[in-house]
Amino acid sequence: MTSPHLVRRDAPPRTLWSLEQAGVHPLLARLYAARGVGNAAELDDSLGQLLPPTQLLGAAAAATLLADALQAGQRMVVVADYDCDGATACAVALRGLGLLGARPGQVAYVVPDRTVHGYGLTPTIVDLALGSTEGASADTPGLLITVDNGIASLEGVAHARQRGWQVLVTDHHLPAAPGGVVQLPTANVIVNPNQPDCPFASKALAGVGVMFYVLLALRAELRQRGAFDARNQPRLDALLDLVALGTVADVVALDANNRRLVAQGLKRMRAGHLQPGLAALFAAAGRDPARASTQDLGFALGPRLNAAGRLADMRLGIECLLTDDRARAAELAQALDAINRERRHVEAGMREQADAMLAHLDPQASAASDPSTHAQDPNRPPVLVIFDPAFHEGVVGIVAGRLKDRWHRPVFVLARGLDGHLKGSGRSIAGFHLRDALDLVAKRHPEVLKRFGGHAMAAGCTLAEEHLGTFREALERIGREQLDAATLQRKLLTDGPLAVENFTTETVQLLQSQVWGQAFEAPLFVNDVTVVSQRRVGENHLKLQIRLDDDPQATLRDAIWFQHTQPLPDHTRLAFRLSLDEFQGRQKIQLMVEATGA
């Protein structure tokens, strides 16, 4: 089996020297320089360094709209999305509006059921939202606020306006652009860094980040109106734990501004200043908030919230984030944990079925630990489209992501929805813009897609089952046009060798305390090693003892390679991440192997 191509990141010497001169730890300086950090000022994660809300198009107008609604006692309804970003954005909206003066019962929320309502602000969801506040007629004018959705909801926004409601859209997704012409909903105000003419530098802001910025602008507006002054104004930084969770879980690029939001949220968590629901989720996941990391947010808390939207009702997740009752939070967190276990079971079955369906394309690759290493096989389509009547609609996205990682191909997984249409979710690789590919399918075959949307790396669509063959053929054709052998060769960006003196618990703790994530990946080191022993553990893991070839002490070190069973040669080059293995209060360094290579 061939290995993935290991590509070392370049750390410009001048930048590296500048960071070291500014007092940055030498290892961190090397890692940061290789990730595009140009100077030490970019590493300042203080709140004062956040981009100002005045740069976010629509934020000032949204603040005026919200301030007027608050002071008039107008009822407001938040329309959330059913993923972690949408749930945290909803909680930030309700908690933030409460901090800024909303009266009890003035703000309500609704969240679509994935399988019943579909995605976004549909006319059906508008009608549900308008009837969601007790003590008022559905036709009593109010303010509808979308979080993490709405930018493509042309019909839903128009329907709400026809019902006499004002609409504030807060979103971060790309607007609809049929035929290349951007179409925006007829909302009263739109706040979205990805709308045309918005100068906000952080286009990667998550939905929860957009809502947080709207609250910052609202606080400034209320301050101008004399509701409070700078000394006694509400502390919105109390919401940053939620902002951090939603930002990491939505896998948006961690640019400098997003890293500051996440860093501030993590600091609050580690200091014990976190919402009861987050504390309960940490406990349910067996994680310690005093040592909170982006890995905890992305792989422990986020999936437990997402599971509710995938298999059950995201109101469970939102209520967990909203409650101040610790006992209630613990109860909800345990329910979310149980749903997540069910999600893992459903996902495992779907992945097994998908792999069986793909096996006929290339039996040798299907049986390999890493099928992506057979990337250039001409028998395999450049884009994989998988459907089975037994697939669960709520899990198609996560299965698409797993298969994309395993096969290193853009992947669409589809399930049959309750309305009989196929609901697909796709994940892509670098070099293939998934939403643009769907747009091209729509142009070439206007009858196929009922709706679609998304980003470069993730997108979704709805189509009639009778058009599945055309959809598959169209995507495969686009893949053949745009994907070459080099793009389909799996590559791993690495940070080169880790010096022997850095194999310490202090180094691991230093690395774990930093903010890593999408487009700012955690370090992946590559060292030449001698394999002293190796054995299979569990069903699919390889446990190793190795020696670094440049270690004068020839210290034995532990390593593990998950989901890999093929024995390694006595001498090899390992690509790995560092972790701490804890047992009976003792910490020991462990190498988490990801690949071998030249």
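The values are calculated or read from the model by the stated rules, or taken from the named source; none is laboratory data. Please read these numbers as outputs of a predicted model, since none were measured by experiment. Cβ: placed from backbone, ideal geometry, glycine included. Neighbour counts: every protein chain shown. Each accessible area value is taken on the protein alone, full model and side chains, heavy atoms only, with ligands, DNA and RNA left out. Shrake-Rupley method; radii C 1.70, N 1.55, O 1.52, S 1.80 Å.
Taking each residue of the stretch 257-269 that is farther than 17 Å from Gly298 by Cβ and looking for partners that are among the hydroxyl-bearing types (Ser, Thr, Tyr) with beta-carbon atoms closer than 6 Å, six or more apart or interchain, yields Asn257/Ser202.
Residue count for the stretch 379-412, restricted to those that are among the acidic types (Asp, Glu) and under 26 Å from Glu594 (Cα atoms): 1. The requirement of being surrounded by 20 or more Cβ atoms within 10 Å (Cβ to Cβ) and in contact with a Leu (Cβ under 6 Å, 6 or more places away or on another chain) is satisfied by Gly277.
Scanning the stretch 233-245 for residues that are open to solvent by 20 Å² or more (accessible area, probe 1.4 Å) and either among the acidic types (Asp, Glu) or closer than 13 Å to Val210 by Cα (or both) yields a count of 1.
In the stretch 546-569, which residues are within 35 Å of the chain's Cα centre (by Cα) and either open to solvent by 40 Å² or more (accessible area, probe 1.4 Å) or among the hydroxyl-bearing types (Ser, Thr, Tyr) (or both)? Correct list: Phe562, Gln563, Thr565, Gln566, Pro567.
Taking each residue of the stretch 280-307 that is touching a residue at least 40 places away in the same chain (Cβ under 8 Å) and looking for partners that are open to solvent by 10 Å² or more (accessible area, probe 1.4 Å) and aromatic (Phe, Trp, Tyr) with beta-carbon atoms closer than 7 Å, six or more apart or interchain, yields Thr294/Trp516. Total residues in the stretch 540-598 satisfying the condition of being in a loop (DSSP other than H, G, I, E, B) and out of contact with any Lys or Arg (no Cβ under 8 Å at 6 or more places or on another chain): the figure is 16. If the condition is being open to solvent by less than 10 Å² (accessible area, probe 1.4 Å) and over 21 Å from the mean Cα position of the chain (by Cα), then the stretch 310-331 contributes only Ala329. Here is a check on your reading of the model: is Gly207 of a type in the set (Gly, Ala, Ser) and surrounded by 19 or more Cβ atoms within 10 Å (Cβ to Cβ)? Judged against the criteria, Gly207 is a match.
When the stretch 391-422 is examined, which residues are found to be open to solvent by 10 Å² or more (accessible area, probe 1.4 Å), free of Cβ contacts under 8 Å to residues at least 40 places away in the same chain and not in a helix (DSSP H, G or I)? Asp419 - this is the single residue of the stretch 391-422 that is open to solvent by 10 Å² or more (accessible area, probe 1.4 Å), free of Cβ contacts under 8 Å to residues at least 40 places away in the same chain and not in a helix (DSSP H, G or I).
Does Gly417 count as at pLDDT below 95, in contact with a Leu (Cβ under 7 Å, 6 or more places away or on another chain) and under 27 Å from Arg304 (Cα atoms)?
no
List pairs: first residue in the stretch 530-548 and farther than 14 Å from Met592 by Cα, second residue β-branched (Val, Ile, Thr) and not in a strand (DSSP E or B) anywhere in the structure, Cβ distance under 7 angstrom, at least six positions apart or on different chains. Within 7 Å, the pairs are Arg536/Thr565; Asn540/Thr565; Arg547/Thr555; Leu548/Val500. Out of Val248, Val252, one residue alone is modelled with pLDDT under 95 and surrounded by 23 or more Cβ atoms within 10 Å (Cβ to Cβ). It is Val252.
Mind listing whichever residues of the stretch 228-255 are more than 14 Å from Ala87 (Cβ to Cβ) and in contact with a strand residue (DSSP E or B) (Cβ under 9 Å, 6 or more places away or on another chain)?
Start the filter on the stretch 228-255 by keeping residues that are more than 14 Å from Ala87 (Cβ to Cβ), which leaves 228-238, 240, 251-255.
Listed by number, the residues that qualify are Val251, Val252, Ala253, Leu254, Asp255.
When Gly585 is tested against (1) free of Cβ contacts under 8 Å to residues at least 24 places away in the same chain; (2) open to solvent by less than 20 Å² (accessible area, probe 1.4 Å), exactly one condition is not met: (2). The residues on offer are Ala338, Ala356, and the sole one that is open to solvent by 20 Å² or more (accessible area, probe 1.4 Å), assigned to a helix (DSSP H, G or I) and at pLDDT below 95 is Ala356. Across the stretch 504-523, the qualifying residues are those that are open to solvent by 40 Å² or more (accessible area, probe 1.4 Å) and small (Gly, Ala, Ser), and the one among them that is farthest from the chain's Cα centre (by Cα) is Ser513.
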